[in-house]
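A.B. asks: Pasting a structure below so you can have a look.
We did not get these values from a lab; they are worked out from the coordinates using the rules stated. None of these values were measured; they are calculated from a predicted model. Don't worry about glycine lacking a Cβ; one is built from the backbone with ideal geometry, like all the others, and counts go over all protein chains shown.
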Amino acid sequence: MLGELCARYDRPRSAVKLLAVSKKHPADAIRAAHAAGQCDIGENFVAEARDKQRELSDLKLRWHFIGRLQSNKTRTVAEYFDAVHTVDRLKIAERLSAQRPHYAAPLDVMVQVNVDTETTKAGTDPTSTAELATAIAELPRLRLVGLMCLPRPSQSLPEQRQPFQRLAELAGKLRTDSGLAISELSMGTSSDLEAAIAEGATWVRLGTTLFGARPGQAQ
Ligand SMILES: *Cc1c(COP(=O)(O)O)cnc(C)c1O
């Protein structure tokens, strides 16, 4: 699936990494994915993720936090995750920086950008992304690696490509104007995967496509 889409848009397959989003699926589903070669796991809820991490402690997995991150959960994320895709406030980044254990590698951080500014949603406004990203890049024990977005759903491929194109352009600007060494674009889910690959995603976050519908999710 990924191979075909990468070929269609002239992207090297190795440039697009797969994050398996396992929220609301049991630890056994992750174990099966790992047996099939999947090591990067995305979770949205801290307590749910911790339960699965304990159950899967015999496996070598990389845990990515992709949910809304509240201040009172940053310590757990700083201790038990390898990457966070959803940092959208300096305060959260400062807490992660202060709470990241010294024995651990720097925590990979992506800044979530609200690419649909007309709706109130998670993410920093595109106009303040440069300032936030520059501040995060200076914090110890964090490694700013890129940008992330979760646009509101739209149906056609051209419509789906627009927000992803804006995120890619913004990342380019941060590289050239702000001198930030960011390489990752975390964008694309099961419903807009093709658009994300077309616009340069380096992380695609797939749940439904890999694990099936979540309990309670419309099919
Ligand atoms: C749930 C979720 C996904 C995966 O969505 P699917 O449609 O199941 O592929 C990706 N990114 C984020 C931020 C999510 O919350």
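A.B. asks: Which lysines, if any, have their Cα less than 19 Å from the Cα of Lys24, not counting same-chain residues under 8 positions apart?
C.D. replies: Within reach: Lys52, Lys73.
A.B. asks: Assign unit charges at the C-beta atoms only (+1 for Lys and Arg, -1 for Asp and Glu), then state the dipole size of the chain relative to its Cα centre in Debye, rounded to the nearest 20. Before the final figure, lay out the partial values.
C.D. replies: Details: 29 positive and 26 negative charges, 101 e Å.
Here the size comes out at about 480 debye.
A.B. asks: Further question: With an 8 Å Cα cut-off and a minimum separation of 6 or more residues, compute the relative contact order for the range 134-219 in percent.
C.D. replies: About 27 percent, as a whole number.
A.B. asks: Also, quick follow-up: Could you state the number of Å between the C-alpha centres of the range 36-94 and the range 178-219?
C.D. replies: 17 Å
A.B. asks: Would you kindly state how much longer the chain becomes between Arg89 and Ala15 on full extension, computed as 0.36 nm times their sequence separation minus their alpha carbon distance, in nm to one decimal? Before the final figure, lay out the partial values.
C.D. replies: Working: separation 74, 0.36 × 74 = 26.64 nm, distance 2.80 nm.
Fully extending the segment from Arg89 to Ala15 adds 23.8 nm.
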